[in-house]
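Worksheet: the structure to be examined is printed underneath.
The values are calculated or read from the model by the stated rules, or taken from the named source; none is laboratory data. This structure is a prediction, so every number in the text was calculated from the model and none was measured. A quick note on method: Cβ atoms are made from the backbone with ideal geometry, for glycine too, and the neighbour counts reach across all protein chains shown.
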Amino acid sequence: MLGADLVWPLHGAATGAFTLADEAAVPEQAPEKAVVTAVDRPVLLGYAPETPNGRAMLILGGGGYTALMAGREGVQVARWLTTLGYHAFVLIHRFPHAGTSPSAPLDDALAAMRMIRAIALAPNGLGVVGLSSGGHLAACLIADYPAEWGKAAPQRPDILVIGYAPISTNAKGRTIIADKPPLPPLEKQALYDALQPDAQLLPDPPPTFIVYAGNDPVVPVANAHRLHDALRAAGASPELHIFADAPHGFALDTPDLPVSLWPRLCEAWLRQMGFL
């Protein structure tokens, strides 16, 4: 499935590789370009490095919580990270809609963190890379779980990389665009209303690398500043890079623009943080 070395049902036993009976959730596409539009059974796709460094990265791709850019913001990111020695895991999570709870994506991300830690492939640390809506989901891992959704044990990443994520500007009362209408479906808007990571940070946030486009027409750069300022207020020293001119969803395949250098900047930062 999408060239993965391992495929693990998210809520099954993490003792080995499994093949899903229902693989329709991840259609047969070129792995680097795959888009997932329906998920009934969340899975982790595992990619192994040739020379493991004892660390792992969970990858959360974007798609606005109505799809998953599993290729551009998942498989491509995993392949980059495995060249650095990380075990890389791409999460294919459920979407918030009428058939699921608004909490479904976060519940799946928390379960993924628990599973990766349980299989002992990351004795030296587990980080998270999140892009677009996946960056929002990644930031939610260092924030309070909403009390109205019940209780969930935190799964704090050891390091965090967030790109062009709608941290809180989709939340009611915190939009940049005045009178912005609710986002469909209702469960998606409920997720954004309940999860505003910059306003809900847990103590002792991890080192965080943040990268955005200053002229992003989809996700206002105000999100970068909100997260950066909240992390600083919590005592962290986040690394913030804002590129003046770049498209939304620049990921790893935007050639000939300055933003294409961000993976190299991130690698240097990971090394500086002692995580590479």
Review point. Only one of (1) at pLDDT 95 or above; (2) part of a loop (DSSP other than H, G, I, E, B); (3) surrounded by 18 or more Cβ atoms within 10 Å (Cβ to Cβ) is not met by T51, so which one is it?
Key: (3)
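Just the residues that are assigned to a loop (DSSP other than H, G, I, E, B), of a type in the set (A, V, I, L, M) and buried (at least 17 other Cβ atoms within 10 Å of the Cβ), please, taken from the stretch 149-176.
A165, I167, A171, listed by residue number.
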Exercise for review: Kindly check whether there is at least one residue in the stretch 117-126 that is outside any loop (DSSP other than H, G, I, E, B), at pLDDT below 95, of a type in the set (A, V, I, L, M, F, W, C) and farther than 25 Å from P247 by Cα.
Suggested key: yes
Exercise for review: Name every residue in the stretch 88-126 that is in contact with a helix residue (DSSP H, G or I) (Cβ under 8 Å, 6 or more places away or on another chain) and closer than 20 Å to I159 by Cβ, in order of residue number.
Suggested key: A88, F89, V90, L91, L106, A109, A122, L126
Exercise for review: Scan the stretch 235-276 for residues that are within 22 Å of L126 (Cβ to Cβ) and among the acidic types (D, E) and jot them down.
Suggested key: E239, E267
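Taking the options D179, D198, name whichever one is modelled with pLDDT of 95 or more, among the acidic types (D, E) and either in contact with a Leu (Cβ under 8 Å, 6 or more places away or on another chain) or surrounded by fewer than 21 Cβ atoms within 10 Å (Cβ to Cβ) (or both).
On the way: D179 fails: modelled with pLDDT of 95 or more.
The conditions single out D198.
Taking the stretch 65-95 only, how many residues are in a loop (DSSP other than H, G, I, E, B) and either buried (at least 23 other Cβ atoms within 10 Å of the Cβ) or out of contact with any Leu (no Cβ under 8 Å at 6 or more places or on another chain) (or both)? Reasoning before the result, please.
Narrowing the stretch 65-95 to residues in a loop (DSSP other than H, G, I, E, B): 65-67, 69-70, 84-86, 93-95.
With either buried (at least 23 other Cβ atoms within 10 Å of the Cβ) or out of contact with any Leu (no Cβ under 8 Å at 6 or more places or on another chain) (or both) added as a condition, the list becomes 65-67, 69-70, 86, 93-95.
Looking only at that region, the number is 9.
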Revision key, fill the gap. For the stretch 203-223, the count of residues that are in contact with a strand residue (DSSP E or B) (Cβ under 6 Å, 6 or more places away or on another chain) and in contact (Cβ under 8 Å) with a residue 24 or more places away in the chain equals 9
